[in-house]
Amino acid sequence: MAFGKAGVHRDDRYAVAVNAEGEILLTPLVSIPRRELLVWDDEGIRAALVRGLEHSSKEDTSEGGDFTRFAGEEHAVDESAAPAEPQS
């Protein structure tokens, strides 16, 4: 099937579902790295990110100092705390 005429782009991804009548439903998907999933799962983090982006766009920011001393540090991430990725 050629989906290009329907506006589908080459790298678009879809979840596929088939109902009892055999009709096929394609649901557009996007993928994000697991480490970014917490932004979507946590309303407080998402709100803080939006506020930060708003401040930045208005150039309402302040100098935070030099953080290069942290560049070589390893920070453990508890992957078991993140919810499972949806199956497509």
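Residue pairs whose Cβ atoms lie under 8 Å apart, separated by 6 or more positions or on different chains, with the first residue in region 19-36 and closer than 15 Å to His9 by Cα and the second of a type in the set (Asp, Glu), are Pro28/Asp12. Candidates are the residues of region 1-31 that are of a type in the set (Val, Ile, Thr) and at pLDDT below 90; the one that is most open to solvent (accessible area, probe 1.4 Å) is Val30.
Looking at Ser80, Ser56, Ser62, Ser88, just one residue is in a helix (DSSP H, G or I), modelled with pLDDT under 90 and open to solvent by 80 Å² or more (accessible area, probe 1.4 Å), and that residue is Ser80.
In region 16-30, the residue that is farthest from Phe3 (Cα to Cα) out of those that are among the β-branched types (Val, Ile, Thr) and assigned to a strand (DSSP E or B) is Val18.
The values are calculated or read from the model by the stated rules, or taken from the named source; none is laboratory data. A quick note: this is a predicted structure, and the numbers were derived from the prediction, not measured. Using ideal geometry, Cβ is built from the backbone for each residue, glycine included, and neighbour counts are taken over all protein chains shown. Heads up: the accessible areas ignore ligands, DNA and RNA and are worked out on the full protein's heavy atoms, side chains in. Shrake-Rupley method; radii C 1.70, N 1.55, O 1.52, S 1.80 Å.
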